[in-house]
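For reference, the structure discussed in these notes is given below.
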Amino acid sequence: MHFSIPDTQELNEGNGSTFIGYNIHINGVFHCTVRYKQLHNLNEQLKKEFGNDIVPCFPPKKILPLTSGQLEERRALLEKYIQTVGQDSKLVSSELLSGFLRSAQQETACQEKQDINLDIYTMTNYPIKIRACTYDRTEYVLWKALKQINLPHEYVQYFSLYLIKVGSNGDVTVIRKLLDLESPYLTQQIIRTATRIVIRKGSWDKNYDSELMTDPVAMNLLYLQTMFEVENGWIITNRENKMQLDKIKSRLAKKEYIEFAQKLKYYGFMQFCPCYCDYPQAQTKVLVAIGDEELSLRILKPGNVVTEGLFKVTRMRCWRIVATNNKHTYPENESYSNNVSNNSALELSFEYLMSKDNLQWITITSEQAILMSVCLQSLVDELLIKKNGTKKIEPVRNHGKWTYMKRDGSCQLISSENSGLSHSDDLEGQSETNFQEPFSIKKLQEKFSSVSFKSGREFIENHAFEGIGDEDL
């Protein structure tokens, strides 16, 4: 998971005074704005739950008001702190952290908790209409949608919710995978561009498809996704393949259609928009696809000539994300969330074992670089689960009285239920202080920022790399 705090805001407290808010981005998208004292309160609860040895050091308090230099130092230290938390499997999967981030998103959105009609789509644009709460977490929204179409509970774990964007020409771009630390509805509102919430298979291994095809509802979801990927060129077909698939489709032989498509190139891959890579040379235009334990680079040459380079995930020693955030000035009366798609150049770099004792860094420049990294991480996680025979890490549900400190200093219980904040659990009552919208931007930092790192190093280690021997080369 990729956390960053690229900039800060000066917020009006409503009584003439101001304070600094830190803008937290998760997987490349603005998520919430929090105060230092809110993160400090979270840190104290994490230490109480997990101990001082696991929780990273938190930036110290300052007695006097911060200078601009001290403010930038605190922003960088808070970013390092939240990034380190995000790379610890115990901390990042805890209900305490998820509940805090959901609550912070709700407070930042300043939207009333209410029931709404929400459309969740299949990849073929078929709407599944559900009744949901604006604060409902991703896991619950997914469960509601799949329950609506009568999918048995044991198959829910194989599917996930994604945000997609459909271009004017009909091209579909996957923006991000939705996480359980957010509300899908609120995330859509924050992004403020036309998006759809869709259901896609969340696993990579084709072997899971055999189990899905034993249930008619699960098989239908898999069939609709496969049909979309064939018709949109995500799965490569020649004329003969396409004619055969069309014949199978006309007979409504869904299982046969899926099994035929499984033999074709890029079945089960995530496809990305055209971007640039420094391999085999600088500014090479490529199409990236991830799946089947590999990253594929299709190199686009003049005359529609395409050559392919394949990079096995198990030969990537590590990878990293680098974001260049360009300085931008916002109008005084325009809110930050209107501008979350600021001018940023994202790079995914991975160190690859080209041959024995020969490691080489390869860099891809793409707006979807963080999604690529998330896909690589989930591929590695699935590989390790298969290798070690272990189960997926389940969120540690909250059995304690954890609290979310609001910006005004009052506290509410973090609910482990579906809707995050529970207004009936208000511990100190509502403050009379009102936060005035819209917020104003004080300063955006122009800098290079590593979006994710582990143990103080600016890269993500690939634990699946450790098992490579000479026979794998």
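FYI, it's all coordinate maths here, none of it is from the lab. Please read all numbers here as calculations on a predicted model, not as lab measurements. Every residue, glycine among them, receives a Cβ derived from its backbone with ideal geometry; neighbour counts consider all protein chains shown.
Shown for TYR257, TYR36: other C-beta atoms within 10 Å of each C-beta, ranked fewest to most, produce the order TYR36, TYR257. Net charge in the neighbourhood of PHE159 (other residues with Cβ under 10 Å of its Cβ; Lys, Arg +1, Asp, Glu -1) is +2.
Footprinting exposure proxy ranking of ARG317, ARG200, fewest other C-beta atoms within 10 angstrom first, gives ARG317, ARG200. The Cα-based radius of gyration and maximum Cα-Cα distance (Dmax) for region 115-261 are 15.8, 49 Å. Structure note, pairs LYS80/LYS387; LYS147/LYS201; LYS48/LYS177; LYS113/LYS144: Cα-Cα distances above 21 angstrom occur for LYS80/LYS387; LYS48/LYS177.
Full extension of the segment from CYS411 to LEU64, taken as 0.36 nm per residue of separation minus the current Cα-Cα distance, would add 122.4 nm. Loop-located GluC sites (Glu not before Pro) in region 57-113 (DSSP state other than H, G, I, E, B) with a sparse environment of at most 11 neighbouring Cβ atoms within 10 Å: GLU112. Counting Lys +1, Arg +1, Asp -1, Glu -1, what net charge surrounds TYR208 among other residues with beta carbon under 10 Å of its beta carbon? Its environment carries a net charge of -2. Taking a sphere under 12 Å around the Cβ of ILE149 and counting the other residues whose Cβ falls inside, with K and R at +1 and D and E at -1, yields a net charge of +2.
Estimated at 0.36 nm per residue, the fully extended path between LYS312 and ARG298 surpasses their Cα-Cα distance by 3.6 nm. For region 1-102, the Cβ-based charge dipole about the Cα centre amounts to some 180 debye (Lys, Arg positive; Asp, Glu negative; other atoms uncharged). Listed by Cβ neighbour count within 10 Å, with the fewest neighbours leading, LEU66, LEU310 appear as LEU310, LEU66.
What you get for region 115-261, charging only the Cβ of Lys and Arg (+1) and of Asp and Glu (-1), is a dipole of about 360 debye around the Cα centre. Between GLU154 and GLN244, the FRET efficiency from the beta-carbon distance, with R0 = 30 Å, is close to 0.40.
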